[in-house]
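Data block below; observations after.
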Amino acid sequence: MSIQKNKSKIGFYIILPSLILIGIFVYYFIFWTIRTSFSDWNSFSKLLKGIYNFVGFRNYQRIFLDERFQTDLWNTLFFTIFFIAGSIGLGLFLANLIDKGLKGSRFFQSLFLFPMAIAFVVTGTVWSWIFAPGNIPKDPQGINLLFKNLGLEKLQWLWYTSSESVGKFNLALIPVIIAAIWQMSGYIMAMYLAGLKAIPNEILEAAKVDGANDRYIFWKIKMPLLKPITLSTMIVLGHVSLKIFDLIYAMTGSGPNNVTDVPAIYMFELTFRSNRYALGSAISVIMLLMVAVIIIPYLYSSLRRGVS
Amino acid sequence: MIKSKIIIYYIILVIVSLFFITPFYVTLITSFKPLSEISIANMWNFPKHFSLEGFIGAYKKLAPNMKNSFYLTIPATIISAILGSINGFALSKLRFKYSNLVFALILFGMFIPYQSVLFPLIQFFQKIGLYGTIPALIIIHVIYGIPITTLMFKNYYEEIPDELIEAASIDGANLYNVYTKILLPISIPGFVVVAIWQFTNIWNEFLFAVTVTNNPAKQPITVALVNLAGSQVVEWNIQMAGALIAALPTLIVYIALGKYFIRGLLAGSVKG
């Protein structure tokens with residue numbers, strides 16, 4: 001008993017340094033950022049002097065009334081929806097295809113997953129060239145040129161430089177969403193594959209004996225069993241998309257009329273390009289809250305289930 | 001399976017593969033073109049003359065940053081793997097009161113948008129005089145790597161039966177010996193998974209890199225790559241060769257150790 005007690009005390013002391021580091025670098029710094037977001041710390045001279053006043057919610061008021069930030073929120077919403085739907089759709093589709101165990105599926109699996117090994121900035125750099133519109137229709141570039149060569153001129157488009165929108169959805173986001181799906185769908189495929197492998201064969205065999213067709217097996221048997229995985233994939237993709245920065249920074253930046261702007265880009269420019277630390281902090285607090293809303297329930301429930 | 005069905009499956013696989021390969025194809029052919037051949041009109045064509053111009057140019061510009069990335073990634077990976085292993089040991093085999101709460105508090109750090117700590121973080125490094133240096137980035141990646149490495153090792157050690165540890169304790173081995181003599185030798189696959197994960201993430205990281213290092217000579221390769229595009233005339237062959245060079249180390253790791261890479265992806269389940 002005493003050995004056990006001693007052992008568990010030691011466990012705490014072992015973890016303590018890490019806990020302190022996280023306490024400072026995560027929780028204290030978040031507190032500090034929140035504090036800054038309530039101040040008027042919005043110039044370089046104030047930074048040098050370190051003098052500032054607290055102004056309540058004024059920064060938040062300003063940021064929510066800011067047209068650019070409103071655009072950012074809409075962009076985040078639409079990016080998140082299409083990015084999650086696209087990645088899960090493609091990832092699930094590919095997982096099912098690979099799961100059929102065709103010859104060479106190993107190779108295809110590796111191929112679909114390789115973008116995960118690559119930096120978002122590399123992805124952004126490469127796709128920015130593919131989707132650069134050029135001077136259409138005469139001097140197209142990238143994918144527009146490919147369309148021209150294939151005789152599909154009608155498909156030529158301004159891509160991420162387009163300022164068209166459907167309602168609040170800026171169509172310029174489409175190429176960015178495609179690049180993001182390109183990067184992440186292999187990962188979703190891998191998660192679903194692991195889930196499919198875990199389904200006991202007996203269940204599927206039994207269904208087949210009962211005369212269930214492929215479609216029935218997929219929708220009525222596999223999908224319900226894959227539910228926890230679908231939830232995980234949505235959490236993974238959701239928090240990636242709420243924080244998305246590198247990809248857009250390297251691919252398009254904020255774009256004409258902020259058509260591809262997101263909170264992370266705006267925050268970066270406010271804080272590091274125009275020294276408006278309080279406003280930048282307000283945006284990062286809003287980002288944190290958005291992520292926390294989906295992550296805290298997820299953490300809570302998965303820790304309670306004892307898996308994580 | 002019916003033959004016609006199999007053929008359809010393969011056709012679909014090939015079409016999807018085109019989507020995945022296209023960016024790679026464009027990057028590859030462009031980087032082997034001489035500058036004179038880089039006209040928009042033939043961007044999809046194979047180079048007429050293979051040239052290493054792009055790679056030489058990119059290498060000249062990126063070599064110092066590549067070195068920085070290695071100086072950053074290797075120590076940060078090693079330290080955070082060791083730290084994660086020790087933490088994982090404590091949280092799986094030496095559970096204490098509230099250890100679940102402690103674990104949750106640590107884990108939350110992996111999900112936060114790092115923007116929410118960035119400004120104080122930079123002030124902190126300015127105060128201690130490390131701002132703009134590679135060691136600052138190493139410290140950052142070690143600390144913000146704690147949640148994920150701890151999670152991975154905790155899950156890994158939980159698979160190991162407690163009896164093994166208890167048997168050793170009864171035999172009089174102290175905790176240090178239990179950890180080094182029993183746990184570590186069977187941890188090699190765990191270390192490989194965590195190391196690959198950390199190596200890939202740290203190598204690819206951009207936000208900390210671009211905000212904590214301001215001197216181009218000190219910046220990791222991801223920042224240098226983006227800056228390459230910022231120059232007036234974009235020399236696409238250099239740009240694309242640069243993208244390839246920047247991606248090469250993690251791609252090699254992926255190709256050589258893909259099995260462990262996938263295991264890490266699934267164990268991590270959430271990319272920070």
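The values are calculated or read from the model by the stated rules, or taken from the named source; none is laboratory data. Keep in mind that what you see is a predicted model, and the values were worked out from it rather than measured. Methodologically, a virtual Cβ is constructed for each residue, glycine included, from the backbone with ideal geometry; neighbour enumeration extends over all protein chains shown. With ligands, DNA and RNA removed, areas are computed over all heavy atoms of the protein, side chains included. Shrake-Rupley method; radii C 1.70, N 1.55, O 1.52, S 1.80 Å.
Observations on the structure shown:
- Gyration tensor over alpha-carbon atoms, segment A:241-282, equivalent ellipsoid semi-axes in Å: 18, 11, 9
- Here the translational diffusion coefficient of chain A follows from Stokes-Einstein with Rh set to the Kirkwood radius across Cα pairs; for 10 °C and 1.306 mPa s it amounts to 70 µm²/s.
- With contacts taken as Cα pairs under 8 Å and at least 6 residues apart, segment A:201-308 reaches a relative contact order of 18 percent.
- In straight-distance terms, cross-link reach from residue A:168 covers every one of the lysines whose alpha-carbon lies under 24 Å from its own, apart from those fewer than eight places away in the same chain; here that gives A:243.
- Interface residues of segment A:162-200, defined as a loss of at least 50 Å² in heavy-atom accessible area between the chain alone and the complex of all protein chains with a 1.4 Å probe, are A:182, A:187.
- Per-pair calculated FRET efficiency, R0 = 45 Å: residue B:266 and residue B:6 via Cβ, rounded to 0.05: 0.95
- Potential extension, residue B:186-residue B:36 segment - 0.36 nm per residue separation minus Cα distance: 48.4 nm
- Sulfur and carbon atoms: percent of accessible area, the protein assembly as shown [1.4 Å]: 66 percent
- Hypothetical label at residue A:70: residues of segment A:159-185 whose amide nitrogen lies under 20 Å (7 Å Cα-Cβ projection): A:163-173
- Cα centroid separation, segment B:19-60 to segment A:175-224 (Å): 38 Å
- Calculated from backbone phi, Karplus (6.51, -1.76, 1.60) coupling profile of segment A:61-66 in Hz, x at Gly/Pro: 4, 4, 6, 6, 7, 6
- Straight-line reach from residue B:127: taking Cα to Cα under 18 Å and skipping same-chain neighbours fewer than 8 places apart, no aspartates and glutamates fall in range.
- Choice from A:94, A:146, A:226 with maximal GNM fluctuation in chain A (Cα, 10 Å cutoff): A:146
- For segment B:66-214, the alpha-carbon radius of gyration amounts to 1.17 times the rule-of-thumb value 2.2 N^0.38 Å expected for a compact globular protein.
- Gain on full extension, evaluated as 0.36 nm per residue between residue A:58 and residue A:111 minus their Cα-Cα distance, stands at 14.1 nm.
- Across segment B:76-213, the relative contact order, built from alpha-carbon pairs under 8 Å that are at least six residues apart, equals 45 percent.
- On the beta carbon distance between residue A:10 and residue A:203, with R0 = 35 Å, the FRET formula returns roughly 0.20.
- The B-A contact accounts for roughly 8400 square angstrom of buried accessible surface, both chains included, probe 1.4 angstrom.
- Calculated FRET value between residue A:221 and residue A:102, using beta carbons and R₀ = 30 Å, to 0.05: 0.90
- Across chain B, Cα pairs under 8 Å and at least six residues apart give a relative contact order of 31 percent.
- Angle between chain B longest axis and helix B:99-108 axis [Cα atoms, degrees, rounded to 10]: 10 degrees
- Anchor residue A:100: lysines whose Cα lies under 16 Å away (excluding residues fewer than 8 positions away in-chain): A:197, A:208, A:222, B:3, B:5
- Helical contribution to [θ] at 222 nm, DSSP H n ≥ 4, -39,500 (n - 2.57), averaged over the protein assembly as shown, rounded to 500: -22500 deg cm²/dmol
- Kirkwood Rh and Cα Rg combined as Rg over Rh, evaluated for the protein assembly as shown: 0.98
- Rolling a 1.4 Å probe over the protein heavy atoms gives the protein assembly as shown an accessible area of 44 Å² per residue.
- Looking at segment B:136-272, the pairs of alpha carbons with a distance over 17 Å make up 69% of the total.
- Point-charge dipole on Cβ atoms (K/R +1, D/E -1) for chain B, about Cα centre, debye to 20: 340 debye
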